[in-house]
Amino acid sequence: MRAEVEELINAVLDEADCIDDLIEVIREQREAMRARDTESVNELMDEARDIFFETQTHEGIRNDSAKRLAAKLNCEPSAGSIALKLENDERPKFNGAADRLTQSIFVLKSEMMIISGLIDQNEKFSAMLLSEYRRISGGEAAQAGSAEFRG
């Protein structure tokens, strides 16, 4: 296998590994939220941020590697274009790596949709609770923190 192809395959797999790590942390974070473990949630947020930056680094490496290989193969730096130009022994390994990255991205998007939905639900629930609290207290809650400036 050519060194450039192996470099790209490794870059793709490294990025997929980072995304898989991010997925795991997001799932752990969701469980910590369910358990109301604020300390763990905060620690996991820091870990997710670190993994996110690492993933961005690997994405840059993958993009650079794909551009170099595509220039050498005289094709577009996309998985489909590169795969068409690869030798028969290289193509299955490359396609497997590309499929793994695609799957990792799909799962990450799914996890992000779940989190987005939970955030939306939380906003609606909080608004309902606040509205009910104001109704029960007769609007006094809104006035309790306000200052009186009339002389």
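I need the calculated FRET efficiency for the pair A35 and M113, taking r as the beta carbon distance and R₀ as 22 Å, to the nearest 0.05.
0.50
For helix 38-73, what angle does its Cα long axis make with the longest principal axis of the chain, in degrees from 0 to 90 and rounded to 10?
Around 30 degrees separate the two axes.
Using only the alpha-carbon atoms, how far is helix 3-34 inclined from the longest principal axis of the chain? Give it as 0 to 90 degrees, nearest 10.
It works out to around 20 degrees.
Report, to the nearest whole %, how much of the accessible area of the chain belongs to carbon and sulfur atoms, 1.4 Å probe, protein only.
Roughly 54 percent, rounded to a whole number.
Match the structure shown to one of the listed values (i) 1.28; (ii) 1.03; (iii) 1.17 of Rg/Rh (Cα atoms, Kirkwood Rh), computed from it, and give that label.
Computing Rg/Rh (Cα atoms, Kirkwood Rh) and matching it to (i) 1.28; (ii) 1.03; (iii) 1.17 gives (i).
So which chymotrypsin sites (Phe, Trp or Tyr not before Pro) in the range 15-98 are both in a DSSP loop and have at most 16 other Cβ atoms within 10 Å of their Cβ?
Values: sites: F52, F53, F94; in loops: none.
Filter output for the range 15-98: empty list.
Describe numerically, in nm with one decimal, the distance between label points set 7 Å from Cα along Cα→Cβ at N42 and at E123.
2.5
Over the range 43-142, average the accessible area per residue using a 1.4 Å probe and give it in Å², no decimals.
71
Spin-label point model (7 Å from Cα, Cβ direction): what's the N63 to E87 distance in nm?
Using points 7 Å along Cα→Cβ, the separation is 3.0 nm.
Angle check, please: helix 91-136 long axis (alpha carbons) against the longest principal axis of the chain (alpha carbons), in degrees 0 to 90, nearest 10.
With rounding to tens, the tilt is 10 degrees.
The values are calculated or read from the model by the stated rules, or taken from the named source; none is laboratory data. Note that the structure is a prediction, hence the values are computed from the model and not measured. Neighbour counts run over all protein chains shown; Cβ positions are idealised from the backbone, glycine included. Side chains included, ligands, DNA and RNA excluded: accessible areas come from the protein's heavy atoms. Shrake-Rupley method; radii C 1.70, N 1.55, O 1.52, S 1.80 Å.
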